[in-house]
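Following: one structure in structure tokens, then a few remarks.
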Amino acid sequence: MPDLDDPIPISALQHAIFCLRQAALIHVERLWEDNRFTAEGSVLHEAAHDPGKRTRGLIRRVTALPLTCRRLNLAGVADLVEFRLLDDRRETPFPVEYKRGKPKQHRADEVQLCAQALCLEEMTGEPVPEGALFYAETKRRLSVPFDTELRQLTEEVTLAFGAVLAQGITPPADYRANRCRACSLIEVCRPQAIGRSARGFRDRAITAALEKVEPA
């Protein structure tokens, strides 16, 4: 179980909006399974997370920038933040998150990016009206405006997952075929075994297997 004083990882929010149980399996029960999609995503983020700074014209680009938001108890690292110089010499932060694949039908990526914006607003005192998601498959940026609806959704997901972390209890499964088949944790989650702890299932399976082993 995580330390209750630890901040909520920004990266966990994309899991939390996709499935609170999945997020809890990873961050409460400390279970994780890679599949092709998560492996490709890890490679992409390793390439993006080399710290560095570069200025091009009126844009200062900072990679692997640490982020925090005390109000929501969030922390994480931004792949890229472009600080765009305004006429009055102030800079407007513009977060860019790198993703594998292509734009999704759900809002998980947008929520993760919006959480970065909330951190940047608290850290810099400047408004962050929009950012972008860069998808490796399309090799294009998708502009994401941080409107009232997305900000509210991001805060609701953060509060909901914060409550899960505080309780230290994994929510029961809510089986949805299309979503669950794409989940890298389906074998440890067993989504059709409603209400059971994935760690408990795993431990029972290991115990049963050991009982079948004849002593040497």
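Pick out the one residue from Glu82, Glu121, Glu137 that is at negative phi, out of contact with any Leu (no Cβ under 9 Å at 6 or more places or on another chain) and in a strand (DSSP E or B).
Just one listed residue meets the conditions, Glu82.
Would you mind stating whether Thr148 is among the hydroxyl-bearing types (Ser, Thr, Tyr), modelled with pLDDT of 95 or more and exposed (fewer than 12 other Cβ atoms within 10 Å of the Cβ)?
Spelling it out, Thr148 is indeed among the hydroxyl-bearing types (Ser, Thr, Tyr), modelled with pLDDT of 95 or more and exposed (fewer than 12 other Cβ atoms within 10 Å of the Cβ).
Return the total of residues in the range 115-142 being closer than 20 Å to Arg61 by Cβ, of a type outside the set (Gly, Ala, Ser) and under 17 Å from the mean Cα position of the chain (by Cα).
Residues that pass the stated criteria total 6.
May I ask you to say which residue of Leu72, Leu67 is in contact with a helix residue (DSSP H, G or I) (Cβ under 7 Å, 6 or more places away or on another chain), crowded, with 16+ Cβ neighbours inside 10 Å and over 17 Å from Gly131 (Cα atoms)?
Going through Leu72, Leu67 in turn, the sole match is Leu72.
For the range 142-167, give me each residue that is under 15 Å from Pro127 (Cα atoms), assigned to a helix (DSSP H, G or I) and of a type in the set (Val, Ile, Thr).
Once the filter is applied, which keeps residues that are under 15 Å from Pro127 (Cα atoms), assigned to a helix (DSSP H, G or I) and of a type in the set (Val, Ile, Thr), the range 142-167 yields only Thr148.
Please tell me if Val128 is assigned to a loop (DSSP other than H, G, I, E, B), touching a residue at least 24 places away in the same chain (Cβ under 8 Å) and of a type outside the set (D, E, K, R).
Yes, satisfied.
Return the total of residues in the range 116-140 being of a type in the set (D, E, K, R) and modelled with pLDDT under 95.
Going through the range 116-140 one residue at a time, the tally reaches 3.
If you scan the range 151-165, which residues turn out to be surrounded by 12 or more Cβ atoms within 10 Å (Cβ to Cβ) and of a type outside the set (Ser, Thr, Tyr)?
Arg151, Leu153, Glu155, Glu156, Val157, Leu159, Ala160, Phe161, Gly162, Val164, Leu165
The values are calculated or read from the model by the stated rules, or taken from the named source; none is laboratory data. Small disclaimer: the values here were computed from a predicted structure and weren't measured. Don't worry about glycine lacking a Cβ; one is built from the backbone with ideal geometry, like all the others, and counts go over all protein chains shown.
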